[in-house]
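These notes concern the structure reproduced below.
The values are calculated or read from the model by the stated rules, or taken from the named source; none is laboratory data. These figures come from a predicted structure and were not determined experimentally. No Cβ is skipped: glycine too gets one built from the backbone with ideal geometry, and neighbour counts run over all protein chains shown. Accessible surface areas use protein heavy atoms only, side chains included; no ligands, DNA or RNA. Shrake-Rupley method; radii C 1.70, N 1.55, O 1.52, S 1.80 Å.
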Amino acid sequence: MKVEVVPHDPTWRVKFEDESKLVAQALGTNVIAIHHIGSTAIPHIYAKPIIDMLVEVKDIAKVDEQNSAMVALGYEAMGEFGLPGRRFYRKHDATGKRTHHVHTFENFSGLQRHLAFRDYMIAHPEDANRYSELKRKLAKQYPDDINGYVDGKDGFIKDMEKRALEWKRSQNICNM
């Protein structure tokens with residue numbers, strides 16, 4: 001997979017909102033919430049132009065029953081795709097370029113981690129900019145190696161996730 005990061009596109013939010021409505025219809029009453037995650041959810045930073053959605057559901061087994069509805073929307077059902085308890089879908093446009101990821105979980109303990117990371121980056125633009133610059137550097141260094149690109153971000157992401165969770169905890173304490 002070619003690694004491409006592009007400047008933030010303000011239409012990504014609208015694309016998420018439009019697509020999340022379709023996904024919610026396809027997955028039905030099993031859906032608790034759909035969240036926009038990943039770099040396209042963070043304003044002003046470079047990102048791979050793929051909309052990431054995190055879908056919370058009541059019963060993960062019922063998601064499998066909706067595979068045909070997701071396929072009808074143009075998604076490819078990937079099953080757990082390396083993460084037990086997840087159902088993963090990916091979508092490509094007419095040219096074969098990936099446009100969307102849907103990560104579906106039941107009672108996903110890592111949900112707070114993803115949301116805290118997103119919210120922290122939005123609230124801390126200096127760290128978001130550092131992340132953006134790292135992504136640009138890695139995309140140049142690994143233009144045809146998605147694994148090298150992902151591995152290159154791993155340490156930074158883990159550090160930011162730790163900071164984000166601490167920040168989120170402090171926000172919750174202050175709001176009590």
Completion exercise
Note: among Ile173, Ile157, just one is open to solvent by 80 Å² or more (accessible area, probe 1.4 Å) and of a type in the set (Val, Ile, Thr), namely Ile173
Exercise for the section: Report yes if some residue within the stretch 107-115 is surrounded by 18 or more Cβ atoms within 10 Å (Cβ to Cβ), touching a Phe, Trp or Tyr at 6+ places or on another chain (Cβ under 7 Å), within 19 Å of Lys48 (Cβ to Cβ) and touching a residue at least 60 places away in the same chain (Cβ under 8 Å); otherwise report no. Expected result: no
Problem - Identity of the residue in the stretch 58-86, at pLDDT 95 or above and part of a strand (DSSP E or B), that ends up least open to solvent (accessible area, probe 1.4 Å) - result: Tyr75
Practice task
Filter the stretch 13-34 down to residues that are surrounded by 13 or more Cβ atoms within 10 Å (Cβ to Cβ) and closer than 18 Å to Leu73 by Cβ, then give me how many there are.
Solution key: 13
Handout entry: Pairs with Cβ under 7 Å, 6+ apart, first in the stretch 1-24 and touching a residue at least 60 places away in the same chain (Cβ under 8 Å), second assigned to a helix (DSSP H, G or I)
Key = Met1/Ile146; Val3/Ala139; Val3/Ile146; Val3/Tyr149; Glu4/Ala139; Val5/Lys135; Val5/Arg136; Val5/Ala139
Problem - Pick from the stretch 87-106, criterion more than 18 Å from Ile34 (Cβ to Cβ) and not β-branched (Val, Ile, Thr), ranking: most open to solvent (accessible area, probe 1.4 Å) - result: Ala94
Practice task
Answer yes or no: is there a residue in the stretch 111-123 that is in contact with a Leu (Cβ under 9 Å, 6 or more places away or on another chain) and among the small types (Gly, Ala, Ser).
Solution key: yes
